[in-house]
Each structure stands twice: as structure tokens, then as C-alpha cells.
1. Compute the long axis of helix 331-341 from its Cα atoms, compare it with the longest principal axis of the Cα atoms of the chain, and write down the angle in degrees, 0 to 90, nearest 10.
2. Taking N as the number of residues in segment 155-270, what value does Rg over Cα atoms divided by 2.2 N^0.38 Å take?
3. I'd like the antiparallel share, as a percent to the nearest 5, of DSSP beta bridges with both residues in the chain.
4. Can you figure out the FRET efficiency of residue 104 with residue 40, using R₀ = 30 Å and their beta-carbon distance, to the nearest 0.05?
5. Relative to the first principal axis of the alpha-carbon coordinates of the chain, what is the inclination of helix 220-231, with its axis defined by its Cα atoms, in degrees from 0 to 90 and to the nearest 10?
6. Once both axes come from the Cα atoms, what is the angle between helix 16-26 and the longest principal axis of the chain, in degrees from 0 to 90, rounded to 10?
7. Pick from 135, 124, 104: which residue has the top mean-square fluctuation in a GNM of the chain where Cα pairs under 10 Å get a spring?
8. Out of all DSSP beta bridges with both ends in segment 1-154, state the antiparallel percent to the nearest 5.
């Protein structure tokens, strides 16, 4: 990737969203593009705690037209390459490196972006390895670097679930604040290790939830683990929000909005979810009423034409594209829009549609399972 010429497109982030979009862009013959990554390929997954694994299973069904749920291209499979069904962060980063090598993607690593501004030619990007200019910009920064703070007094007395300290062995009573995937995941981890765990969340996401979309309810694997943890008698689920955290002698004490209190023998763990992780492009997106980035039908900023979003922060109406198998449906669509604007032939991207990895009609999403 050259940094002195104006690129047709630049992708920021070399995780699954950035690499998948890069592969789709590479299918547009003649398109000049590059990928910039703050660290190494798959850095977000390298940052995962060692005990954390995928929620969605990998399985090699490519020969029968069923692409691995965690694959970023229809001719690849993490299950085949790694030999595991629920990859760890390190394992998935290894898969992404293999994909980059196979498709020979132009990546500039250790190039953290410090600012992005609109210019006449498109966008001016400043990074620790120098500037770049691109007519189209695809933000694929992910969410892991943007944990949502605990909205409670004394929130600084907690360990975020993304931190290694939250996964280290703990004796006695453990308190987890937040009961969705990350909260139940880490709660089950500590129950398995012998601790007694209380999970508090006023939204009670461990209940059935709405519909069959796993974006709104716990994944099947999580429910299996939750059932096993509850059977030990060492896991309690409380439907209330934490309002205050404080030290009380050798204990940590959480006050809840139902008037009760929960004691813990170690710092409470805050599993409060993640924001969109927009970093230096935050000012180039409007926000929806729920706080997520406002996008047009092409996953493009409504106030900065040419700036696209890819990855788990993509939202359209009530649709969440927050798993790999969901947000990968938009890689080829974004690449097609960019290619067409550059006046190039995008016909090769129809292979993505044939493989079931291109969704350009959002009305077809959200269909519920019959049973």
C-alpha cells in the first residue's frame, strides 16, 4: 500500500470486518485500496483474555454450500484451518493471518489512526506511520476497545469483563454486573472454577427474550453453560440494577435498585457491553436515538458521504449485525458501491451473492424461525 497517492478506498482495522471487506474490495479489478491496522492482524482477538472463546460454532460445511459461521470469505473455514469449533482469540487471529496471506491483502500494521478529516479528495487520515488520503473510507475498528462504563456510583471499583484480571481465579463470593453474553460467560467461568457467583441485571437478559434472533437473546451454548452453572447451586441471578459500589471493610458492597445489597470478596466484574468504537471518526457520524451510528441503506454515514461502517456496530432499524455471520453479509455490498463510484466493473462480487454472503435488500432480514 502506497501512502503518497490518493487511494480509491482505505479500510481502517484488520479484524474480521476489515479483512472481509478488504477481500471484497480486492475482487473489484483495478481498485486501489489498502488496510491500516493499529497493531497486528486480528489485534482485538489477540487482546482477548486467554479463557474467552467464540459463542458461535465453527463447522466446515463449505462443500455443501454452508459457509462456516465465523468465516470472512466463503472459501475459508476457521474450523478446517484451526481444527476447533469455538476458537479462542489467539486462534481466530491465526485464521485471519492465514486469510490475509492467501488473498495477499495490502496491510500496513502498527499504524494506529490518530485523526480523520474530510477533504476535497475524500478523507485525510493521520496515523503514527504517516498520512494517507482516500476517496472512500471504511471504518472497521470493532467494539472491543470501547467498553461501556458502569452507570453506578463507584463504578471505578469494578474490573471490566474485557480485562485479564476479571478472568483470574477468585475465591469466595464473586459479583458480576451485567447478564448478557459477556456477563454469563464470565460468571460460568468462575462457577466452573469453584466460586459462588451472583449476576445482577435489571433487564434479566437470561430470560427467553424476544424472537429467535441470537442478537436479542442468549446463544444456545451460553444457555447450556448457564443451566449447568445453576445446577451447581453456586450461581444466583438477580433482576435488579446496581446503583452503587463501595468498599465495606474487606468486602465490596453493591446496592441494587430493588433495595437489596450484594457482597463480594473481590472487585465486582462489570460486563456492561460495548459501544460502537468509532474513535477518530466519531464526529463524522450522526447518532440514532439509541446512541448507535446513523447509517443510510449502504452502511454509509449520513453526514459524511464516502465513509462506510462495517462490523458489529452496524444497525438498521431493529436489526443488529453483531455476529461475524451477520456483518459479513455487507462486505460485498459496500465494496460494490465503492467500485461503482470508481467507475470499475464489480461483476466479480456476484460470486459472494451466489455463496449466500451478500445482502443488499435489508427487507429480507429479521425473518423469525417457525419452530
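Computed from the coordinates by the stated procedures, all read-outs in this text should not be read as laboratory data. Owing to the predicted nature of the structure, the values given are computational and were not obtained by experimental measurement. Neighbour counts run over all protein chains shown; Cβ positions are idealised from the backbone, glycine included.
1. Long axis of 331-341 versus the principal axis of the chain: about 30 degrees.
2. Cα Rg divided by the expected 2.2 N^0.38 Å: 1.01.
3. Around 50 percent of the beta bridges assigned by DSSP in the chain are antiparallel ones.
4. 0.95
5. Helix 220-231 sits at roughly 10 degrees to that axis.
6. With rounding to tens, the tilt is 10 degrees.
7. Comparing 135, 124, 104 in the GNM, the peak value goes to 104.
8. Here the antiparallel bridges make up roughly 50 percent for segment 1-154.
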